[in-house]
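Read the structure below first, then the notes.
The values are calculated or read from the model by the stated rules, or taken from the named source; none is laboratory data. Just so we're clear, the structure is a prediction, and the values are computed from it rather than from any experiment. Cβ placement follows ideal geometry from the backbone for every residue including glycine, while neighbour counts extend to all protein chains displayed. To get the accessible areas, we keep the full protein, side chains included, count just its heavy atoms, and leave off ligands, DNA and RNA. Shrake-Rupley method; radii C 1.70, N 1.55, O 1.52, S 1.80 Å.
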Amino acid sequence: MKIGVLALQGAVAEHANAIEAVGARAVIVKNADDLAKLDALILPGGESTAMRRLIDYYELLEPLRTFASRKPVFGTCAGLILLAETIEGEAAHIGAMGITAHRNAFGRQVDSFETTLPIKEVSDAFPAVFIRAPKIVAVQDGVDVLATHNGEIVCARDRHLLACSFHPELTDDLALMRYFVEMVEAYQ
Amino acid sequence: MLMRMNMLAFHKQGDVFMSIITGSEVVKRGMALMQKGGVIMDVVNAEQAKIAEAAGAVAVMALERVPSDIRAAGGVARMADPRIVEEVMKAVSIPVMAKARIGHIVEARVLESLGVDYIDESEVLTPADEEYHLLKNTYTVPFVCGCRNLGEAARRIGEGAAMLRTKGEPGTGNIVEAVRHLRQVNAEVRAIVAMNEDEMMTAAKNFGAPYEVLLEIKRLGRLPVVNFAAGGVATPADAALMMELGADGVFVGSGIFKAENPEKFARAIVQATTHYKDYALIAEVSKEIGTPMKGIDIGQLAASERMQERGW
């Protein structure tokens with residue numbers, strides 16, 4: 001199984017390591033051509049505004065939209081924002097997932113935090129690192145809410161699309177990555 | 001290693017109370033990981049901050065003057081007016097960093113209270129303490145610090161820096177010192193990784209580096225925090241060169257807003273940093289972007305004018 005990591009900027013190596021740790025092959029994606037032959041794609045944490053500029057410089061938006069309409073995609077933090085169909089206060093980017101995102105929802109960096117969360121079908125106690133994290137303020141019908149923090153939605157699945165506000169790639173816990181790999185297997 | 005973090009609150013999850021921790025090492029170092037592969041740009045007002053954000057900067061550094069102007073102005077360079085920092089924070093959604101003088105506990109606490117996302121304990125400003133750096137692991141806000149070699153890098157990590165940048169020579173538009181410092185740090189990291197464990201205490205003595213930090217470097221096979229390059233990046237090719245040499249990203253100080261066309265330079269430097277091995281692309285983005293900032297030959301700087309000597 002080949003899982004790409006969009007490598008415009010951000011925590012690319014950390015995701016690639018997690019992919020390899022669960023026995024799949026990690027592929028670095030910088031151009032539209034790199035998307036061919038992938039079974040799935042990860043949109044890593046980073047700065048979503050900067051990633052969007054780089055997506056535009058190389059006309060990656062349409063290829064990413066096409067990919068997300070056909071194959072599994074997992075977005076973490078900035079990746080969640082890129083995937084959301086609606087973003088409060090700004091236009092959507094890839095816009096493939098039936099969620100509404102709110103950027104920097106937990107405050108600035110001094111408010112960034114770590115905690116432990118149960119994630120439905122994944123883990124009873126998952127270490128969740130939130131860094132200037134977004135939240136999901138609304139989900140469309142059929143979207144499965146997998147985790148909440150203080151009542152706010154922080155992880156959800158919409159068909160073949162998965163997104164979380166926090167950074168599983170910054171921890172050693174591979175449960176969420178294994179869950180994504182199972183999603184990809186089931187999809188094939 | 002001494003570590004402080006704040007237990008902020010508990011939240012109830014089913015029948016169990018879970019802790020919420022801010023200011024931890026994971027959260028601070030993790031913030032820098034999210035900046036990797038990106039460009040952090042110096043800005044002096046909201047308008048420049050918006051240009052930087054629109055060009056694809058991953059963060060901005062809010063300053064009163066860029067380093068080349070600090071050089072030209074002379075005198076004592078201090079933390080920026082909080083009004084400028086707030087103006088920049090309001091203008092953009094990307095993270096905002098600000099500089100405090102080396103060892104200036106109160107400037108750092110003031111910037112933390114303003115809510116900046118990262119503090120640069122910076123040799124670009126006039127040091128407040130010529131013996132001691134800030135004990136950075138006592139703050140909730142993360143810090144980035146400059147380094148020229150492994151000893152400086154490891155001491156700053158030991159004090160709690162969550163991110164490093166090689167110093168270069170700020171405000172010169174001359175990449176030579178940035179190259180020297182990045183090569184030095186990386187060569188010394190490689191030496192530690194290859195070293196036998198029974199040689200490491202003596203290495204700690206010789207490098208002037210905390211033993212525990214060297215053990216962590218050996219275990220990870222790299223520095224435990226993100227290391228950007230800084231101090232002299234003036235062109236897209238300069239930025240790509242630093243990535244080629246193993247930087248995790250680049251700081252551009254005077255190189256953007258002292259260039260003839262800041263928008264074009266900012267966009268071109270961002271693209272060259274992401275695609276640093278795509279030479280045809282670097283050629284393309286380097287076309288017709290105007291002249292870069294005027295540079296300074298390092299040999300023309302007196303020792304007292306070299307900012308890189310600041311820090312201990």
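Estimated purely from DSSP H runs of n ≥ 4, each contributing -39500 (n - 2.57), the mean residue ellipticity at 222 nm for chain B is -11500 deg cm²/dmol once divided by its residues. Mean-square fluctuations from a GNM of chain A, with a 10 angstrom spring cutoff on Cα atoms, peak among A:Phe166, A:Phe106, A:Phe74 at A:Phe106.
Can you give me the C-alpha center-to-center distance between region A:82-121 and region B:56-79, rounded to a whole angstrom? After rounding, the separation between the Cα centres reads 33 Å. Note on region A:2-187: with neighbouring protein chains present and a 1.4 Å probe, carbon and sulfur make up 45 percent of its accessible heavy-atom surface. How much net charge surrounds A:Ala68 when only the other residues with a Cβ under 13 Å from the Cβ of A:Ala68 are counted, with Lys and Arg +1 and Asp and Glu -1? Result for the local shell: +1. Please label the shape of region B:224-312 as rounded, prolate or oblate, based on the square roots a ≥ b ≥ c of the eigenvalues of the alpha-carbon gyration tensor (a/c under 1.5 means rounded; beyond that, a/b larger than b/c means prolate, else oblate). Taking the square roots of the gyration eigenvalues as a ≥ b ≥ c, region B:224-312 is oblate. Seen from all directions on average, region B:145-250 presents a Cα convex hull projection of 6.0 nm². The 3J(HN,Hα) values that the Karplus relation (6.51, -1.76, 1.60; θ = phi - 60°) gives for region A:31-48 are, in residue order, 10, 4, 4, 5, 6, 4, 6, 7, 8, 6, 9, 10, 9, x, x, x, 9, 5 Hz. Gly and Pro appear as x.
Kindly identify region A:91-188 as rounded, prolate or oblate by the Cα gyration tensor criterion: order the square roots of the eigenvalues as a ≥ b ≥ c, call it rounded if a/c is under 1.5, otherwise compare a/b with b/c, prolate if a/b is larger, else oblate. Oblate, because a/c is 1.5 or more while a/b does not exceed b/c. Give the distance, in whole Å, between the Cα centre of region B:289-304 and the Cα centre of region B:92-153. Distance between centres, Cα-based: 25 Å.
Averaging Cα coordinates gives a centre for region A:1-60 and one for region B:232-287; these two points are 22 Å apart.
Close amide-amide hydrogen proximity is noted between A:Ala138 and A:Thr100, each under 5 Å apart and 5 or more residues distant or on a separate chain (H modeled in the peptide plane; Pro and chain starts excluded). Solvent exposure of region A:2-187, expressed per residue, is 35 Å² of accessible area, with all protein chains present and a 1.4 angstrom probe. Ellipsoid fit via the Cα gyration tensor, region A:2-187: semi-axes of 22, 19, 16 Å, each the root of five times an eigenvalue, largest first. Applying a DSSP loop filter and a limit of 13 other Cβ atoms within 10 Å to the trypsin sites (Lys or Arg not before Pro) in region B:111-219 leaves nothing. Straight-line reach from A:Lys30: which lysines fall under 16 Å, measuring Cα to Cα and dropping same-chain residues less than 8 apart? Counting by Cα, and skipping residues close in sequence, A:Lys30 has these lysines nearby: A:Lys2, B:Lys36, B:Lys277.
Dividing the Cα radius of gyration of chain B by its Kirkwood radius returns 0.97 for Rg/Rh. Per-residue 3J(HN,Hα) values for region A:7-12, derived from phi via the Karplus relation 6.51 cos²θ - 1.76 cosθ + 1.60 with θ = phi - 60°, read 10, 7, 4, x, 7, 6 Hz in sequence order (x marks Gly and Pro).
Averaged over peptide B:138-146, the number of partner chain Cβ atoms lying within 10 Å of each residue's Cβ comes to 1. Per-residue shielding of B:128-134, expressed as the average number of other chain Cβ atoms within 10 Å of the residue Cβ, stands at 0.
The relative contact order of region B:76-153 comes to 30 percent, based on Cα pairs under 8 Å that sit 6 or more residues apart. Across all Cα pairs in the protein assembly as shown, the calculated P(r) in 10 Å bins from zero up to the longest distance comes to 4, 20, 31, 27, 14, 3, 0 percent per bin.
Between A:Gly151, A:Gly45, A:Gly98, where does the largest GNM mean-square fluctuation fall for chain A, given springs only between Cα atoms within less than 10 Å? Checking each option, the largest mean-square fluctuation is seen for A:Gly151. Averaged over the residues of peptide B:18-25, the number of Cβ atoms from other protein chains lying within 10 Å of each residue's Cβ is 6.
What are the GluC sites (Glu not before Pro) within region B:276-312 that DSSP puts in a loop, where the Cβ has at most 16 other Cβ atoms within 10 Å? Answer in residue order: B:Glu288.
Excluding ligands, DNA and RNA and using a 1.4 Å probe, chains B and A jointly bury around 3300 Å² of accessible surface, summed across both partners.
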